[in-house]
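Student: Below: one structure in structure tokens.
The values are calculated or read from the model by the stated rules, or taken from the named source; none is laboratory data. As the structure is a computational prediction, the values presented were derived from the model and not from experiment. FYI the Cβ positions are ideal-geometry reconstructions off the backbone, even for glycines, and counts take in every protein chain you see.
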Amino acid sequence: MSVKPTREEALALFLKYNAGEPLLKHALSVEGVMRHFARKLGEDEEKWGVIGLLHDVDYERYPDEHCKKAESLLAEAGIPEEYIHGVVSHGYGICTEVAPEHIMEKVLYTIDELTGLITAAAIMRPSKSVMDLELKSVMKKYKAANFAAGVNREVIERGCAMLGMELQEVVTETILGMREVADAIGLGGI
């Protein structure tokens with residue numbers, strides 16, 4: 001593994017521990033949104049994308065050790081400590097006490113759950129696409145507690161507070177990031 005892992009190395013590592021298509025699509029969604037935010041904020045797009053891609057590396061095989069097992073898997077693969085901290089911190093207050101510190105970690109913490117809600121909202125549309133999904137539609141679904149009930153809205157709201165951003169702005173940017181990878185995540189439309 002290189003000092004700064006490439007996207008190809010990160011994807012190979014993710015696929016080494018995960019075979020399920022839904023989790024891969026989620027990882028690709030998060031990667032796309034992380035890259036979008038990195039560009040918007042003038043940060044390292046490659047680094048943010050790789051961390052987004054790897055954030056659930058341990059989830060399929062070790063769901064009861066999520067984030068904890070990731071630390072050892074990534075360290076064994078030679079992934080740099082700052083990348084590992086970013087991955088582990090996305091589970092803050094849920095499965096780890098490692099708090100998001102860097103802006104990148106705060107974005108990952110915030111958008112991880114949100115991509116799931118936006119995916120569910122897109123699937124419900126006649127187009128089955130994020131390409132025509134609008135903020136108003138997502139916010140309506142967001143407020144319906146029984147819609148995508150597994151999505152932890154408190155985490156999203158805590159993340160928005162950490163970022164100092166309004167929920168609507170984060171949702172808008174997350175939709176835009178997911179549009180960039182719409183075909184790869186199966187939400188390009190029918």
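Student: For Asp112, state whether it is within 30 Å of Lys4 (Cα to Cα), of a type outside the set (A, V, I, L, M) and surrounded by fewer than 16 Cβ atoms within 10 Å (Cβ to Cβ).
Tutor: No.
Student: Sticking with this structure for a sec: Can you tell me which residues in segment 71-102 are surrounded by 16 or more Cβ atoms within 10 Å (Cβ to Cβ), under 20 Å from Ala38 (Cα atoms), touching a strand residue (DSSP E or B) at 6+ places or on another chain (Cβ under 9 Å) and among the aliphatic types (A, V, I, L, M)?
Tutor: Passing the criteria: only Val88.
Student: Looking at Glu180, Glu157, Glu173 in this structure, which one is at pLDDT 95 or above and either more than 20 Å from Leu28 (Cα to Cα) or hydrophobic (A, V, I, L, M, F, W, C) (or both)?
Tutor: Glu157
Student: Name the pairs whose Cβ atoms lie under 6 Å apart, with the first residue in segment 152-176 and under 17 Å from Gly91 (Cβ atoms), the second part of a helix (DSSP H, G or I) and of a type in the set (Asp, Glu), and 6 or more positions between them or separate chains?
Tutor: What qualifies is Asn152/Glu113; Val155/Glu113; Ile156/Glu113.
Student: For segment 134-190, give me the residue count where each residue is surrounded by fewer than 17 Cβ atoms within 10 Å (Cβ to Cβ), among the polar types (S, T, N, Q) and not in a loop (DSSP other than H, G, I, E, B).
Tutor: Adding up the residues that qualify gives 3.
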